[in-house]
Amino acid sequence: MLANLLGRVPSQELRVVLGERVGGPGQYGSASDDPNNFYLPLWGESCQVVLTYDSAEIIGVKRGPALSVKEWERLNEELENSLVGGPQTVGRDFSFNGHRVLGWWRGAQSGVQIVPPPANTPVAPAEIADHPFILEFPVQGSDLSSLTNYRRIRDHRRLTLLLNVLLQGGTSLQPQRPDHFWAAVPREAGHPGNSEIKWVQEFFFSESLGRVLIDELSPPVENPLGEVDPVAYYALRGHDGQGLRVPADLDQSICLYQRLPPAHRERLDRATFWLDGVSRQWTFSMSSSFASLLIALEALTKGGTRHETQCNECPLTGTHDVPVPTENLRAFFGEHAPGAPRETIQRAIKLRGSILHGGTLMQSDQVRAFGWDPVESRELDLIRELATWTKVALRSWLTNPPPVV
């Protein structure tokens with residue numbers, strides 16, 4: 001029965017399959033006291049399935065009036081066949097790195113492969129750019145192509161954001177909601193000075209990707225990417241123009257992620273999401289980028305114990321956590337980034353509180369006089385140093401996650 005699938009399969013997967021089997025678009029009920037039920041395909045006599053939500057999770061599934069008992073039993077069987085089991089397949093899509101990807105890498109245990117862009121793929125003329133490559137990875141298949149493709153899109157995003165922690169150069173993917181903006185488009189390739197101002201959309205696609213689902217990893221092409229001892233790899237700084245290299249323990253690190261318990265993997269996914277936001281927000285707000293670094297860390301910190309408090313000045317009561325979030329951050333750095341300078345941590349925590357509570361903006365987000373500014377320079381140094389230590393802490397947490405409670 002459907003009730004047996006709740007908790008065993010992600011709610012979004014259940015929703016994808018119900019959309020295929022039952023249809024949509026879905027409706028809420030008419031009563032204000034019925035905010036947590038969602039009716040498919042519509043509310044009322046045409047309803048076949050009633051979903052009950054608790055926050056973002058589906059916690060209940062019931063038969064609607066438009067579905068007979070026999071049809072309900074058949075739907076249960078179809079859903080279980082689509083959601084549970086299925087053949088293992090390989091998903092593919094474009095990701096991007098700050099270094100050109102000139103060769104291939106394959107994780108023997110993780111089943112993940114990095115493939116250089118085929119010859120007819122658009123490439124950036126500049127060395128400092130987002131350089132495309134194809135990421136291949138295992139995907140659990142289904143008899144419903146829409147569910148298999150949903151899993152492909154989801155797992156591609158998760159793995160790309162994980163690689164943003166594990167690879168030098170920054171790894172990213174196309175945003176889910178592309179932006180539009182004014183841009184200087186060269187009239188002639190190789191002559192950026194002769195440009196035309198145009199309103200353009202942020203977008204990338206190439207038919208060179210080929211099929212997005214294949215039966216097995218594609219054959220290696222070109223030369224293998226260079227592998228570097230992890231300690232030496234993460235000590236590298238700057239851009240030497242040699243193309244992407246990988247740490248020698250990359251396969252092991254991806255396997256550690258794949259084996260995380262679901263709750264731990266969800267926490268790390270939140271952390272990598274906010275880390276990805278650092279570069280995406282950099283152009284319009286360094287304050288937002290800085291805050292994203294701290295939120296990424298807080299996604300992995302241990303929560304305090306919540307209890308009630310009584311105000312000394314008035315009869316109001318409230319709650320607070322002990323230890324407070326700032327103490328949790330200090331403890332997290334001490335455990336997972338013990339080499340981070342104490343002064344850096346103190347400055348970051350102090351600035352975090354001021355920014356997140358609307359108290360200040362970083363200097364580069366304000367209209368400043370032209371020229372070098374020592375305060376702005378110190379803030380830039382702080383965010384760069386904090387970004388380095390944030391990745392150190394996330395990699396440490398992946399290697400030594402807390403016990404499952």
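The values are calculated or read from the model by the stated rules, or taken from the named source; none is laboratory data. Computed from a predicted model, the values in this text were never measured in an experiment. When we count neighbours, we look across all protein chains shown, and the Cβ atoms used for this are built from the backbone with ideal geometry, even at glycine. Ligands, DNA and RNA are excluded from the accessible area calculation, which covers all protein heavy atoms including side chains. Shrake-Rupley method; radii C 1.70, N 1.55, O 1.52, S 1.80 Å.
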Those strands (runs of 3 or more DSSP E) lying entirely in segment 1-108 with at least 2 residues over 30 Å from the mean Cα position of the chain (by Cα): 49-54, 57-63
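Per-residue answers, yes or no, for (1) open to solvent by less than 10 Å² (accessible area, probe 1.4 Å); (2) at pLDDT 90 or above; (3) in contact with a helix residue (DSSP H, G or I) (Cβ under 9 Å, 6 or more places away or on another chain):
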| residue | (1), (2), (3) |
| --- | --- |
| E57 | no, yes, yes |
| V69 | no, yes, no |
| L79 | yes, yes, yes |
| S82 | yes, yes, yes |
| F94 | no, yes, yes |
Boolean, E385 is open to solvent by 30 Å² or more (accessible area, probe 1.4 Å), part of a helix (DSSP H, G or I) and at pLDDT 90 or above: yes
Selected residue [modelled with pLDDT under 80, open to solvent by less than 40 Å² (accessible area, probe 1.4 Å) and under 30 Å from R395 (Cβ atoms)] from G304, G353, G318: G304
Test result for R151, surrounded by fewer than 11 Cβ atoms within 10 Å (Cβ to Cβ) and more than 19 Å from P132 (Cβ to Cβ): no
Whichever residue in segment 213-235 is in a helix (DSSP H, G or I) and not hydroxyl-bearing (S, T, Y) and, among such residues, is nearest to the chain's Cα centre (by Cα): P230
